[in-house]
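Here the structure comes first, spelled out in structure tokens, and everything after it is commentary.
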Amino acid sequence: MKKRLLCILLFALVLLTSLISFADPEPGEADAGSDTDAGGEVAGHIELTENMYHSYLANGEKMAESDTLELYLVKVSDEEKGIKDAPNIVIKDKRSGHEWYSFTNMEGMNTTWAKKIRSLVLLYYVVFKETKSVATETTALDASKAEISKINNGFKIHYEYSNLDIKFDVHFTIEGDELVVDIPFDSIVEGNGQGAPKAGIVSIEVLPFLGASNEDTPGYVFYPDGSGALLYHKAKSEIDKQSKLTLEVYGEHSVDLEIYEKLEESSLKTTNMPVFGMKQNDNSYLAIISKGEADSLINLYPSGYIMALDRISGEFVYRRFYNTPRQDKTIVLKSEKNIIPNDRQMRYVFLTGEDSDYSGMARAYRKYLVETGNINNVLKDATAMPFGLDLFMGIKEDRLIFDKYIPMTTFANAEEIYNLLIENGVQNINLNLIGWNKGGYGEYPQTFKPDRRLGGVRGLKKLAETVTQSGGSIFLEGNLIDANKKNGGFSVRNDVIYTNSNTLITDPKSQKYLLGPKVVLERFTKKFVNKYAGLGISGFNFDKMGTYLYNDYNKKNPVTRQDAQNIWSEIFNASNEQFGKSAVIGGNMYALKDVSYVQDVPISDSGYFVTDEAIPFYQLVVHGFLPYVSNQANLFYDATIQKLKWVEYGCIPYYELTYLTSDNLKDTEYNVLFTSYYKDWIDTCSETYKEFSERLGDLYKTNMRRHFKLNENVYGVEYENGDTVYVNYGNYDFVLDSGEVVPKTSYIVVTSGGDIR
């Protein structure tokens, strides 16, 4: 309960400081040109049936077709609300006959909502001359012009809002089994060419009602919270589900060091995948934000929020809001003047039959990543189960007069531990060194020099030689982003990030900062890569770059989130080019095309109030391409549950050890490492590795095909080679339909040939 309460409180904090905060009008709320004929919700029970609006389709115009899909332009009217021939779309899946509508028919709503549910896009804008910036919503039906024209394999709509002097195009095309929605940046016009524009685009929400469903339609909404999460279609019942959930792709768009710290301490996860989906019976779609994902939102509207429909949509952000102080010391919310200059694109992949569940959605996304070259396959040539090992090296203990340096694990000690594991049968070790640099853990920005008290350059080089000769990989972990004032080595004026109002971003004590992405790139490429090319390491392990993505408004080095994403990629590849590999802590999808090893992969959701079930969507996509780890087994509250979670989610075994006992850390900032003494864990590491190697075999480099639930405690994972893993978290044995027994708090592997491991 405390964990859930913390999640809710932090979620509320995030919303209060969010970049864009919109309040949907109540359905009975009066608006310009509207009536107030609705009650407390737009509609209670809504009949949604297969082909519910077939008459629209019969009178629609087919605009594009592929072997699997047909795209229709239909005109929707509501004489009572003054709506005539509102352009909407229907996508017909030729394989199943299922029809997907961009709109719904509902009774008892006011004019505002009648327009919203018949709009292909919703526009949020800001009027610049107003003292306080507010994002105002308007619908596609409020446009003064919506000009439709044919394009190759589809059509486009040219929207004009003459009262705002805003224009933009939206393209709808069919490519195979995908509907592609594009908003070309060069189509956007703000102003009339005479002076500064009157208004600017804040964001555009795309197809807000596509596939909206209620309890009469078996299925669910998939959304990328943590490892993945589901909301099942049902009637609104729980009062805590009458709220909208907005997920910011790749983490918080605003930068607040206090919030970052709280999020790290909480169970809230990063939205690390720019995807979402909707399932109706045996049909579904997976939406992929394929352009502009670094500046996008995913909006989940559960049944009970305004109306009795589950719906989900993507939203492209073009401007953000920021707080700026006034001379009277009050704070005013302002919007950015400049628009974020990127093309935006959504790809809706339509699925049917056995491919329509969340496993099929994951396979579709994996296919997309492979075809676009956005996932690195490093396991295809592996010959042994990988193993994850962190060794904590050095740290300073703060004291009143003289700080004390604690060498928890020297390079020679690390070599001893590594050799012990090798002697005990552990192979393919991904060794990650923490606190290896001068001064130890927490010395930001790092000097990129091995601490001499740990054995210096010579000791690290010898360790690296031992690791690589035995077939392992050795990574140096480093936080290149954080900067600590007490450590110096950077300029507060030139090197750290600022807000749009030219305000320094720091913590309340003015001790911590974030370095600008361009500064990070220069520091890494000039101060580390070339200088230490001869160490023999496998690569660098980048802390926080897999979860942190931020703007920098410092006039010396301005950077957008998309720019930052590209810079992180440059840094990963600088490590690849010089050392051979790179690793990352946190698994945002933009990193997966470049890195060879991923740490801190989520194996749960955030515990949001809308969630019915957590799923391993992330793992279904990534498994078989990259080795990944979640939590260290020696730091988890229940080793048995942790191991079962590893098995279900396809994680490799993972431990964090030290040469000295962990009580030496009790007065340091790394006191979370409460049990790490290598002599206590060597046997466990070896036994776990042997078990995984023998029972799970080559599954570590095999793609997952399907994840499924047999009951509240028993889950199955089917692999592409035909093997199926069954995991039983319960306190009683479980008998499969085929007769095999899955023992309590254990697992079995049923091979494609019927053998049991």
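Read-outs: derived from the displayed coordinates by stated rules, not from any lab. Remember, it's a predicted structure, so these values are computed and weren't measured experimentally. Here the Cβ is made from the backbone with ideal geometry for all residues, glycine too, and neighbour counts use every protein chain on show.
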Notebook entry, point to check: Among GLU687, GLU423, GLU137, what is the fewest-to-most ranking by other Cβ atoms within 10 Å?
Noted result: GLU423, GLU687, GLU137
Next item on the list: Could I have the simple spin-label model distance between ASP186 and ASP282, label points 7 Å from Cα toward Cβ, reported in nm to one decimal?
Entry: 4.6 nm
Next item on the list: Work through the residues other than ASP733 whose Cβ is under 12 Å from its Cβ and net out their charges, Lys, Arg +1 and Asp, Glu -1.
Entry: 0
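First check a/c for segment 605-755, with a ≥ b ≥ c the square roots of the eigenvalues of its C-alpha gyration tensor; if it is under 1.5, answer rounded, and if not, answer prolate when a/b is larger than b/c or oblate otherwise.
On the way: a/c = 1.91, a/b = 1.64, b/c = 1.16.
The shape class here is prolate.
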Check: Residue by residue through segment 270-278, which ³J(HN,Hα) values in whole Hz follow from phi under the Karplus form 6.51 cos²θ - 1.76 cosθ + 1.60 (θ = phi - 60°), with glycine and proline marked x?
Finding: 7, 7, 9, 10, x, 9, 7, x, 9
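Order these peptides, 500-512, 270-282, 634-646, by their mean beta-carbon neighbour count within 10 angstrom, highest first. Please list the in-between numbers first.
Numbers: 500-512: 13.5, 270-282: 24.1, 634-646: 15.9.
Highest to lowest by the protection proxy: 270-282, 634-646, 500-512.
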Next item on the list: Consider the candidate values (1) 2, 10, 14, 14, 12, 11, 11, 9, 6, 4, 3, 2, 1, 0, 0; (2) 2, 12, 19, 20, 18, 14, 9, 4, 1, 0, 0; (3) 3, 13, 23, 25, 19, 12, 5, 1, 0; state which one is P(r) over Cα pairs in 10 Å bins from 0, in percent computed from the structure displayed.
Entry: (3)
Note to self: Taking the Cα centre as origin and putting +1 on Lys and Arg beta-carbons and -1 on Asp and Glu beta-carbons, what dipole magnitude results for the chain, to the nearest 20 debye?
What the structure shows: 2960 debye
Notebook entry, point to check: Which ³J(HN,Hα) values, rounded to whole Hz and listed in residue order, are derived for segment 549-554 from phi using the Karplus coefficients 6.51, -1.76 and 1.60 in 6.51 cos²θ - 1.76 cosθ + 1.60 with θ = phi - 60°, glycine and proline given as x?
Noted result: 9, 8, 7, 10, 9, 4
Next item on the list: Quick one: which residues, 5+ away or cross-chain, put their amide H under 5 Å from the amide H of ALA64? H built at 1.01 Å from N.
Entry: LEU71
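Counting Lys +1, Arg +1, Asp -1, Glu -1, what net charge surrounds ASP683 among other residues with beta carbon under 14 Å of its beta carbon?
On the way: positive: LYS679, LYS690; negative: GLU423, ASP680, GLU687, GLU691.
Here the charged neighbours net out to -2.
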Notebook entry, point to check: What is the distance, in nm, between label points placed 7 Å from the Cα along the Cα-to-Cβ direction at ARG399 and at VAL134?
Noted result: 6.0 nm
Checklist line | Within-10-Å neighbourhood charge of SER359 [Cβ basis; K, R +1; D, E -1] | finding: -1
Notebook entry, point to check: For the residue pair LYS62 and SER738, what label-to-label distance in nm results when each label sits 7 Å from Cα along the Cα-to-beta-carbon direction?
Noted result: 4.4 nm
Note to self: Using a 10 Å cut-off around each Cβ, can you sort ASP186, ASP216 from fewest to most neighbouring Cβ atoms?
What the structure shows: ASP186, ASP216
